[in-house]
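Have a look at the structure below, then the notes.
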Amino acid sequence: MKYSSIILFLLFSLFLVAQTVEPIYIILNGDVTNPDQEVSGLAWHNDDLIVLPQYPQDVIYSIPKVEILQFLDSTKSTILPKEIKWNSNNIDKKICGFEGFESIAFENDKVYLTIEAEKWNRNRGYLVKGNINGDSIILDKNTLRKVKTPIHLRNITYETILLTNTSVNTIYEVNSATVNKKPHYFQFDMELKNCSTKPFPFVEYRITDATEVDSENKFWAVNYFWPGDYNLLKPDLEYKISNKKDIKPVERLIEFKLIEDEIVRTERQPINIKLSEFGDSRNWEGIVRLDDIGFLIATDKFPGTILAFLPYSE
């Protein structure tokens, strides 16, 4: 695939600006642009990018990879996502305190999702399995499994799914030493019947989604911090502040590796996403790799629905 000179220049410039990358916004049309969709996850199914809203009604969305590459190559000016029929089998109504679908991943024609719920200030996570058949996804309510949260923080559960050849893994959002004394992730078999906990490293801020695991068992995760969560997360900031107005958002990617069922940070430096010049904190909740040229990332409703390309070459 031939890429435009703009993309090649941006990839080259990464080596000159110390891992700070400016996202390229991809212009979308259609219902997916409504902020009330609250995009919460991205995943590849074959060569289609699947876009998961937090509260799907009858459809979710897909975008052919070729159209994304055409947009980045300036041969396409906007993209209208296709609709995929969505059947939750009323799982959203079955779960007390349901607060949305949070992440999605595919293994051939099987689909896995995490769900967030909260009741009486007690958070709960869930995993569920389903199938994709052509332009339709149907969830299997008999596979629904509860995932216990290590601590109880408002609106914090599991927003990340990692698939390996033999397991389905989900990572809790907050793993800092200040609030989560013993971080771990849950590992399920592919049928979601058996599970165990495995070690996860201390990490500041939130983990809101991750790429697929590559051939070296490595993956990148979105590491995000909204200054309004300072009291909730009590993060160890990398700079001193005199008042809360000095607190800055964090929008970055960090790399991990699976080593014998333990997840560890790699030595690779974080990829810092250039902050918005308007001061908006962008809540990135979805990420996938885009071939070997970078990543696609997506926000929920804050500050609006954004799909962006983040150029990066290893």
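The values are calculated or read from the model by the stated rules, or taken from the named source; none is laboratory data. Since this is a predicted model, take the numbers as computed values, not measurements. All Cβ positions, even for glycine, are placed from backbone atoms using ideal geometry, and neighbour counts span all protein chains on display.
Run down Val59, Val21, Val39, Val66 and say which single residue is of a type in the set (A, V, I, L, M), modelled with pLDDT of 95 or more and out of contact with any strand residue (DSSP E or B) (no Cβ under 8 Å at 6 or more places or on another chain).
Working: Val59 fails: out of contact with any strand residue (DSSP E or B) (no Cβ under 8 Å at 6 or more places or on another chain); Val21 fails: out of contact with any strand residue (DSSP E or B) (no Cβ under 8 Å at 6 or more places or on another chain); Val39 fails: out of contact with any strand residue (DSSP E or B) (no Cβ under 8 Å at 6 or more places or on another chain).
Of the residues listed, the single one that is of a type in the set (A, V, I, L, M), modelled with pLDDT of 95 or more and out of contact with any strand residue (DSSP E or B) (no Cβ under 8 Å at 6 or more places or on another chain) is Val66.
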Requested in this report: Give just the number: which of (1) among the hydroxyl-bearing types (Ser, Thr, Tyr); (2) within 24 Å of Ala308 (Cα to Cα); (3) assigned to a loop (DSSP other than H, G, I, E, B); (4) out of contact with any helix residue (DSSP H, G or I) (no Cβ under 9 Å at 6 or more places or on another chain) does Tyr55 not satisfy?
Outcome: (4)
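Under the condition of being farther than 16 Å from Ala210 by Cα and in contact with a strand residue (DSSP E or B) (Cβ under 8 Å, 6 or more places away or on another chain), which residue from the stretch 42-55 is surrounded by the most Cβ atoms within 10 Å (Cβ to Cβ)?
Our first condition is that a residue be farther than 16 Å from Ala210 by Cα; within the stretch 42-55, this holds for 46-48, 53-55.
Keeping just the survivors that are in contact with a strand residue (DSSP E or B) (Cβ under 8 Å, 6 or more places away or on another chain) gives 47-48, 53-55.
Details: Asp47: 10, Asp48: 21, Pro53: 23, Gln54: 19, Tyr55: 13.
For the stretch 42-55, the residue satisfying everything is Pro53.
Which of the residues spanning the stretch 101-128 are surrounded by fewer than 18 Cβ atoms within 10 Å (Cβ to Cβ) and either at pLDDT below 95 or within 14 Å of the chain's Cα centre (by Cα) (or both)? Give the steps one after another, and end with the answer.
First, pick out the residues of the stretch 101-128 that are surrounded by fewer than 18 Cβ atoms within 10 Å (Cβ to Cβ): 107-110, 119-122.
Answer for the stretch 101-128, where residues must be surrounded by fewer than 18 Cβ atoms within 10 Å (Cβ to Cβ) and either at pLDDT below 95 or within 14 Å of the chain's Cα centre (by Cα) (or both): Lys119, Trp120, Asn121, Arg122.
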Report task. Taking Ser176 as the residue in question, decide whether it is surrounded by fewer than 23 Cβ atoms within 10 Å (Cβ to Cβ), within 26 Å of Glu262 (Cα to Cα), of a type in the set (Gly, Ala, Ser) and touching a strand residue (DSSP E or B) at 6+ places or on another chain (Cβ under 7 Å). Result -> yes
**Report entry** Filtered residue count, the stretch 241-259, keeping only those that are surrounded by 12 or more Cβ atoms within 10 Å (Cβ to Cβ) and not aliphatic (A, V, I, L, M)
**Finding:** 7
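Take Arg154 and decide whether it is farther than 15 Å from Glu262 by Cβ, at pLDDT below 95 and of a type in the set (Lys, Arg).
For Arg154, the condition - farther than 15 Å from Glu262 by Cβ, at pLDDT below 95 and of a type in the set (Lys, Arg) - is met.
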Report task. Being surrounded by 14 or more Cβ atoms within 10 Å (Cβ to Cβ) and touching a Ser or Thr at 6+ places or on another chain (Cβ under 7 Å) is the filter; apply it to the stretch 260-285 and report the residue that is nearest to Glu212 (Cα to Cα). Result -> Glu285
Report summary line: Filtering the stretch 262-288 down to residues that are in a loop (DSSP other than H, G, I, E, B) and acidic (Asp, Glu) yields Glu267, Glu277, Asp280
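Would you point out the residue of the stretch 148-172, among those that are assigned to a loop (DSSP other than H, G, I, E, B) and aliphatic (A, V, I, L, M), that is surrounded by the fewest Cβ atoms within 10 Å (Cβ to Cβ)? Spell out how you get there, then give the answer.
Kept after step one, since they are assigned to a loop (DSSP other than H, G, I, E, B), are these residues of the stretch 148-172: 148-157, 164-167.
Next, only the ones that are aliphatic (A, V, I, L, M) stay: 151, 153, 156.
Numbers: Ile151: 13, Leu153: 19, Ile156: 22.
In this case the residue turns out to be Ile151.
For the condition among the aliphatic types (A, V, I, L, M) and without any contact (Cβ under 8 Å) to a residue 60 or more places away in the chain, what is the one hit in Ala117, Ala105?
Working: Ala105 fails: without any contact (Cβ under 8 Å) to a residue 60 or more places away in the chain.
Step by step, each of Ala117, Ala105 is checked, and only Ala117 is among the aliphatic types (A, V, I, L, M) and without any contact (Cβ under 8 Å) to a residue 60 or more places away in the chain.
Anything in the stretch 117-173 that is aromatic (Phe, Trp, Tyr) and out of contact with any strand residue (DSSP E or B) (no Cβ under 7 Å at 6 or more places or on another chain)? List them, or say none. Reasoning before the result, please.
Here is the first cut: in the stretch 117-173, the ones aromatic (Phe, Trp, Tyr) are 120, 126, 158, 172.
Hit for the stretch 117-173 is Trp120, nothing else.
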Query raised in the report: Pairs under 8 Å by beta carbon, first residue at positive phi and touching a residue at least 60 places away in the same chain (Cβ under 8 Å) in the stretch 283-301, partner among the small types (Gly, Ala, Ser) and surrounded by fewer than 23 Cβ atoms within 10 Å (Cβ to Cβ), six or more apart or different chains?
Result: Gly294/Ser313
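Yes/no matrix, rows are residues, columns are (1) touching a Pro at 6+ places or on another chain (Cβ under 7 Å); (2) closer than 21 Å to Tyr230 by Cβ:
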site: Ile247; (1), (2): yes, yes
site: Pro270; (1), (2): no, yes
site: Gly286; (1), (2): no, no
site: Asp291; (1), (2): no, no
site: Phe302; (1), (2): no, yes
